[in-house]
Amino acid sequence: MAHVSWLTIAPVKGLALVEVEELLLAREGVAENRRFYLVDADGQRYGLLRDGKLGLVRQAYDAARERLELAFPDGSVVSGEVDVDGEVTTDFYGRPVTGRLVRGPWSEALSAHVGRSVRLVRTEPSTAPAGRCRCSPRRRSRNSGGGPAETSASTRGASGC
């Protein structure tokens with residue numbers, strides 16, 4: 001039987017993970033996780049595998065208020081309420097994902113950080129009913145070796161709740 005050792009989400013796919021105390025797990029997953037993603041100038045997905053600098057950007061997202069904050073390694077911060085524009089469809093490993101381009105300071109700040117033009121996209125929200133999952137993460141070294149395997153809810157599911 002697996003247990004949950006820590007819970008992390010990434011509101012913007014590919015940016016630094018955010019550790020959370022609890023999350024709401026719906027049939028479609030966690031609403032705040034991967035709510036946003038990046039595309040390049042050609043409309044192709046742009047993420048951590050293409051640019052490791054993205055992992056240095058800390059993020060905070062308040063879904064109830066639709067408020068996103070990004071903190072960059074140089075100390076600059078961009079934040080505000082999310083407003084969207086035109087619809088885009090992006091290929092995610094052969095699966096089309098529909099989203100809307102995000103207006104505001106985020107795309108410009110992320111483009112400056114990675115040194116190329118990228119755009120922030122918000123996925124369409126899920127409206128499925130969900131149940132609450134509250135876990136008390138057990139803290140151990142992620143490289144502890146031995147003992148039962150640790151599970152990160154962001155990548156393995158919250159089966160230990």
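Read the figures in this text as sums done on the coordinates, not as results from a lab. A quick note: this is a predicted structure, and the numbers were derived from the prediction, not measured. Heads up, the Cβs are rebuilt from the backbone with ideal geometry, glycines too, and the neighbour counts pull from every protein chain shown.
Among the residues of the stretch 34-56, those that are out of contact with any Lys or Arg (no Cβ under 7 Å at 6 or more places or on another chain), surrounded by fewer than 20 Cβ atoms within 10 Å (Cβ to Cβ), in contact (Cβ under 8 Å) with a residue 40 or more places away in the chain and within 17 Å of LEU70 (Cβ to Cβ) comprise ASP51, LYS53, GLY55, LEU56.
Look at (1) surrounded by 15 or more Cβ atoms within 10 Å (Cβ to Cβ); (2) touching an Asp or Glu at 6+ places or on another chain (Cβ under 8 Å); (3) closer than 21 Å to ARG119 by Cβ; (4) of a type in the set (A, V, I, L, M, F, W, C) and you find that VAL77 fails only one, number (1).
Scanning the stretch 65-87 finds no residues that are among the hydroxyl-bearing types (Ser, Thr, Tyr), on the phi < 0 side of the Ramachandran plot, in contact (Cβ under 8 Å) with a residue 40 or more places away in the chain and outside any loop (DSSP other than H, G, I, E, B). Residue count for the stretch 93-109 satisfying the condition of being in a strand (DSSP E or B) and loosely packed, with under 13 Cβ neighbours inside 10 Å: 3.
Scoring LEU24 on the criteria (1) in contact (Cβ under 8 Å) with a residue 60 or more places away in the chain; (2) closer than 19 Å to ARG119 by Cβ leaves a single failure, condition (2).
Residues in the stretch 25-56 that are at negative phi, in a loop (DSSP other than H, G, I, E, B) and more than 12 Å from the chain's Cα centre (by Cα): ARG27, GLU28, ALA41, ASP42, GLN44, LEU49, ARG50, ASP51.
Quick one: LEU17 ticks every box in (1) in contact (Cβ under 8 Å) with a residue 60 or more places away in the chain; (2) on the phi > 0 side of the Ramachandran plot bar one, so which box is it? It fails just one condition, (2).
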